[in-house]
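Notes to accompany the following structure.
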Amino acid sequence: MKTSEAVLPSTKPQPDVPWWRGAAIYQIYPRSFCDSNGDGIGDLPGITQRLEHVARLGVDAIWVSPFFKSPMRDFGYDVADYCDVDPIFGTLADFDAMVKRAHELGLKVTIDQVYAHTSDLHPWFEESRQDQLNDKADWYVWADPRPDGSPPSNWQSVFGGPAWTWDARRKQYYLHNFLSSQPQMNAHNPDVQDALLGVMRFWLDRGVDGFRLDALNFLMHDPTLRDNPPAPDDGRRKTRPFDYQLKIYNQSHPDILRFIQRVRELCDQYGAVFTVAEVGGDLAETEMKAFTAGEDHLNSAYGFDFLYADKLTPKFVEQAVAKWPDTPGIGWPSWAFENHDAPRALSRWCGLDDREAFARLKAMLFTSLRGNIIVYQGEELGLTQVEIPFEQLQDPEAIANWPLTLSRDGARTPMPWVVQSGEGGFTCGAPWLPLGEENLARAVDRQEADPSSLLNLTTRLLRLRRENDALRLGSFQVLHADECLLAIRRVSGEQSIAGLFNLSSVPVVWPQGLVRDGKELASVNGAIVGQLPPFGALLIEERI
Ligand code: GLC
């Protein structure tokens, strides 16, 4: 299957359903996808070259992590120009070419928008920090010191240390919820909102189909700067000062909802634009629901349930999905098992010897969830976490919090494309992070040639989801969830599909009558009707 024609996705026409509902979205981390110019860092022309791989998988869309002009302190999540491409990644013309190719292949394009903060090198901040009277003086969150000179509040930053940094020019502190080089925008200011919506319009006019809104619950703070209260001891490990507080005043201001409504109004002018918020933290469930409620907010949101989970259990899946009932007014969830912010799932969820079997089970379970599913680059290959020694760490969070880090570098390693090529065909130079020997052996070309590979299984499952309304759009019911077995039913119209998953390393015999007889749609790890070997899983189209 090498020609473009062969990779065109086989979408079933769904006149009444927006394209993004039930979609599978493939996340591309540009630095690590494909390097076209030998500098060891992936780029936009590299993405364009490799888009056929993505289309062949049968996903609906790509989400591309930031490629905007940036000093790369947080690898692009520190934007210095929202409307230009960083030279490391290419040019605006390269972006246009990428969008054109994606659209030819039937893929929608979703891009990342980071609105809570900019880089300290953004001209808006450079102007804002000059003095207290300039035109952008109130575009960021500035505050006087307390009488004793200490920061205006006790707020702590996600990446460690106080969330306030002193600036001698203004004789004031500025707020930053992440790095000190990521000053917090003051989105309470209507001019800031207008500017951000202008950015959104710029990319909509360039043809993008959707946005992932980064760290959206950090968008607005409490303007009276109240101290956060201490967090009660809930038994969870505390590794950073940030973990010792209930984050209720540095973020999560209710006016975020008004901005979201403005985003929606704008997007509605452009048709079926997809909007998905990233929402972390203790209030994530409430906030995700508020951000996606009704028809005048965002389409979807995702949190960190699965991304930070140490173990995947039937009860865990049941509880996560139960948060999003199929009820009028409740939004549509998105799910990620992996992304650039969390260790690879196979390294978190199973023992070394079980990885191959577990990866298959995981792929089937993931493609059976109700909501949108976000596949992180390399997940389709079964990539595992690469151990990065301290001297090679790149992520500022990891360097600051070593050894108690979020381990993001090990999940950001380059894609292995060609097993026999130096650096896996990712680059002809020296890659910015090592690929990892084990991951090299999982290269795309090797898996394409093997009909029983995880890559080919994932492709079949994604296509099954695309072609079966019950899997893509149907209701979700948990029939059974114990220590080992998860049984679900997805129903849409006349179609009912049962999914049976053995999440354990012991065989499971499922109780008679749990699901109805029917046609087997897919099976992994030797599962047959009635019996699930270790990590066995089965999808059955039930006779109604
Ligand atoms: C989001 C991004 C993460 C980044 C942070 C700060 O959580 O996914 O990579 O470091 O926001 O922008």
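Odds and ends about this structure:
- Cα long-axis angle, helix 454-467 against the chain (0 to 90 degrees, to the nearest 10): 90
- Distance from the stretch 451-469 to the stretch 225-281 (C-alpha centre basis), Å: 35
- Inter-centroid distance (Cα atoms) of the stretch 327-400 relative to the stretch 99-172, Å: 29
- Each Lys or Arg adds one and each Asp or Glu subtracts one; over the other residues with Cβ under 12 Å from the Cβ of MET72, this totals -1.
- Computed from the C-beta positions of ASP310 and ASP138 and an R0 of 51 Å, the FRET efficiency is 0.75 to the nearest 0.05.
- Sites HIS103 and VAL418 - FRET efficiency at Förster radius 35 Å, r taken between beta-carbons, to 0.05: 0.85
- Relative to the longest principal axis of the Cα atoms of the chain, the long axis of helix 92-104 makes an angle of roughly 20 degrees.
- Solvent exposure of the chain, expressed per residue, is 38 Å² of accessible area, with all protein chains present and a 1.4 angstrom probe.
- The chain: Cα Rg divided by the 2.2 N^0.38 Å rule of thumb: 0.96
- Summing +1 for each Lys or Arg and -1 for each Asp or Glu among the other residues whose beta-carbon sits under 15 angstrom from that of PRO190 gives -3.
- Taking a point 7 Å out from the Cα of ASP482 in the direction of its Cβ, the residues of the stretch 494-523 whose backbone N falls within less than 17 Å of it are 500-515.
- Summary of packing: across the peptides 248-259, 345-356, the per-residue average of other C-beta atoms within 10 Å ranks them, highest first, as 248-259, 345-356.
- With Cα atoms defining each centre, the stretch 524-538 and the stretch 38-58 are spaced 35 Å apart in the structure.
- Relative contact order %, the stretch 396-544, counting alpha carbon pairs below 8 Å whose residues are six or more apart: 13
- With the helix formula -39500 (n - 2.57) applied to DSSP H stretches of n ≥ 4, the chain reaches a computed 222 nm mean residue ellipticity of -6500 deg cm²/dmol.
- For the stretch 119-261, the share of accessible area belonging to carbon and sulfur comes to 51 percent (1.4 Å probe, ligands and nucleic acids excluded).
The values are calculated or read from the model by the stated rules, or taken from the named source; none is laboratory data. The structure presented is a predicted model; accordingly, all values stated were derived computationally and were not measured. Here Cβ is always computed from backbone atoms with ideal geometry, including for glycine, and neighbour counts include all displayed protein chains. For accessibility, only protein heavy atoms count, side chains too; no ligands or nucleic acids. Shrake-Rupley method; radii C 1.70, N 1.55, O 1.52, S 1.80 Å.
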